[in-house]
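Here is the structure we will look at, set down as structure tokens.
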Amino acid sequence: MTFYYPFNETQKKDLTAKYSEYLDNTIFVHCNRINGVHMFYECPFCFKVGGNIKTTQFKKNGEKYKTVKPNHHFHGSGFQNHNRDESRSSHCSNRKMVVMVVDDDTIRETSDTEQLNLLNKYHSR
Ligand SMILES: [Zn+2]
């Protein structure tokens, strides 16, 4: 289990308790933004270097790539904006379970009303 975000002690305690059976295989990340369709997190395991995705931010000689940028993965948000944690399987090679935490610091790209409208539209299809 690893926290890839400076979660507060209460968050850590709650997450550790909730996912106690899966800790060996779980990483905890912060959902940095969420909208009607997707929720995003910065991957601790892969990085953008130029146009490529790499599993390290360091060159063979140990220097950090000058153009390294974070890489974000996204999962469906279920049209819901509220604070919560959601577990999904990883989208990259490490095969860990990813728990994304949506909290007050997560950027909402759509309003609660817009989310609700999307949810209603989805259910009336
Ligand atoms: Zn990744």
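The values are calculated or read from the model by the stated rules, or taken from the named source; none is laboratory data. All figures in this text were calculated on a predicted structure; none of them were measured in a lab. FYI the Cβ positions are ideal-geometry reconstructions off the backbone, even for glycines, and counts take in every protein chain you see.
So the values come out like this:
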item	result
Qualifying residue in segment 72-86 (condition: within 14 Å of the chain's Cα centre (by Cα), within 13 Å of C43 (Cβ to Cβ), within 16 Å of the ligand (Cβ to nearest atom) and not in a strand (DSSP E or B))	no
Subset tally (residues that are charged (D, E, K, R) and part of a strand (DSSP E or B)) for segment 87-113	2
The one condition in (1) more than 16 Å from T2 (Cβ to Cβ); (2) in contact (Cβ under 8 Å) with a residue 12 or more places away in the chain; (3) more than 16 Å from the ligand (Cβ to nearest atom) that K66 fails to fulfil	(2)
Sole exception among (1) more than 15 Å from the chain's Cα centre (by Cα); (2) part of a loop (DSSP other than H, G, I, E, B); (3) surrounded by 14 or more Cβ atoms within 10 Å (Cβ to Cβ) for K48, by number	(2)
Neighbours by Cβ (under 6 Å, 6+ apart or cross-chain): first from segment 32-55, within 15 Å of K96 (Cα to Cα); second among the aromatic types (F, W, Y) and within 13 Å of the ligand (Cβ to nearest atom)	P44/Y4
Any pair with Cβ under 6 angstrom, 6 or more apart, that starts in segment 95-118 at a residue that is more than 17 Å from F40 (Cβ to Cβ) and ends at one that is assigned to a strand (DSSP E or B)	K96/I27; M97/T26; M97/S87
Test: S87 is surrounded by 12 or more Cβ atoms within 10 Å (Cβ to Cβ) and either modelled with pLDDT of 95 or more or not β-branched (V, I, T) (or both)	yes
